[in-house]
Every structure is written in C-alpha cells, then in structure tokens.
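Structure first, commentary second.
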Amino acid sequence: MRHAERRMFGVGLAIVFVAACGGRSQPGGAASAPAAEAFVPGLGELMSLQQMRHVKLWFAGQASNWQLADYEVDELGEGFDDIVKFHPTHKDSPVAPRDAIPRMVTQPLADVRAAIARKDAQAFVSAYDALTASCNNCHQATNFAFNRVQRPESNPYPNQAFAVAR
Ligand code: HEC
C-alpha cells in the first residue's frame, strides 16, 4: 500500500512537471517531446504468462494444494481478461481473441474452478485436460497451431513449494 502510494505520488509529480513544461512555448516553435507511450505487452508475452500459470496450476492440483490451484486459475482468468482488453483482435487472425476466449475458455476454466472447489483430484485432471485442449483449439483457430501446449512433463519452478505447508 505504501509502495503504491509512493508510486502514485511519483506519477503525480511527473504529470505536474509535464504540465509545467508544456505551458511554456518554445521560441522558434520547436516541437515538444512526444509523450511517453504506455507499455502494452504483446499477445505473445501475455501468452507466456498464461503458459506459466498453466504449469503451476497443474503442479498445484497434483499436490492437492487447492488454495494455490484456486489462485492460479484466478490468475489465468485475469490473464484472459487482459488479453481481451489489450488484444481484442490479433494481426490477421481469422478468429478474434475477444470472440474466441468467451466461447472457448470460459467454460473449461469454470470446470477447473468447480473441481478445485470440490477438492476433487480426478475431476481436476479431466478439467485440466479439457482446458489444455481449449488452449490448442484456439491456437488452431488463430493459425498458431504450431504452439501446442500439453500437461507439463516436469516442474521448471524449483524455488516454489507446491505442497501444502504443514
Ligand atoms: C484467443 C485464442 C487463444 C487462447 C484461448 C489461448 N491462446 Fe495461446 N496463443 C494465441 C495466439 C494468437 C498466440 C500467438 C501470439 C503471437 O502473435 O505471438 C498464442 C501463443 C501462445 C504461446 C507461445 C508464446 C511464446 O511467445 O512462446 C503459448 C505458450 C501459449 N499461447 C499458451 C497458451 C495456453 C497455456 C493457453 C490456455 C491456458 C492459451 N495459450 C490459450 C491464442 C490463444
């Protein structure tokens, strides 16, 4: 919270500074510096985060760490919200992410969430596989079929504990 406040203060200062500079017109009509562009992560970047959460979700489920699994499935949902927001359409993809995501991933995500809520390890595995299939269906629909995801074969996050803390 304090960190966020400090950041807000910094942003406020920057706005005041930019406003002050903007008010002074340059003699000779020199163009003012262009405003900094807001950083928008590319779809590939956002997908790489989805890939990470997809991995962590699997290992959380395998460890019956339902709290962590619930967190990861929420993060996946938020990631898809960001994708719809920042990349409603994508290059000349025949299918727009803003249409494909509600149609293809909302239900599989809800099924994973339901299995987690029931702490049902078997239902989790089938819901997870269905979610993975929906990732690949969308890759096919958007002409990125060569990006094929699957159940992770090993855990690339040795510095995170997936087992429930005792
Ligand atoms: C809107 C349909 C859609 C859905 C749903 C979707 N993807 Fe993607 N994904 C794409 C597109 C399009 C790209 C290529 C983006 C680009 O231009 O770099 C991509 C790229 C990727 C990449 C490659 C990233 C890289 O740069 O190496 C991975 C990994 C990936 N997706 C994982 C997933 C996972 C995991 C899921 C499901 C949890 C998922 N995707 C769901 C459309 C989708």
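Quick note: the coordinates plus some simple rules give every number you see, no bench work behind them. This one's a predicted model, so the numbers in the text were calculated from it and none came from an experiment. Counting neighbours? That spans all protein chains shown, and the Cβs are built from the backbone with ideal geometry, glycine included.
Here each label is just a point 7 Å from Cα along the line to Cβ, and for residue 81 and residue 139 those points are 2.6 nm apart.
What does the net charge come to around residue 67 if you take all other residues with beta carbon closer than 12 Å to its beta carbon, with K and R at +1 and D and E at -1? After counting each charged neighbour, the total is -2. Looking at the calculated P(r) for the range 66-166, what percent of the C-alpha pair distances fall above 23 Å? I get 32 percent for the Cα pairs in the range 66-166 exceeding 23 Å.
Using unit Cβ charges (K, R positive; D, E negative) and no other charged atoms, how large, in debye to the nearest 20, is the dipole of the range 43-141 about its Cα centre? Numbers along the way, then the final one.
On the way: 9 positive and 13 negative charges, 24 e Å.
Around 120 debye, computed over the range 43-141.
If you take all other residues with their beta carbon under 13 Å from the beta carbon of residue 89, and give Lys and Arg +1 and Asp and Glu -1, the sum is +1.
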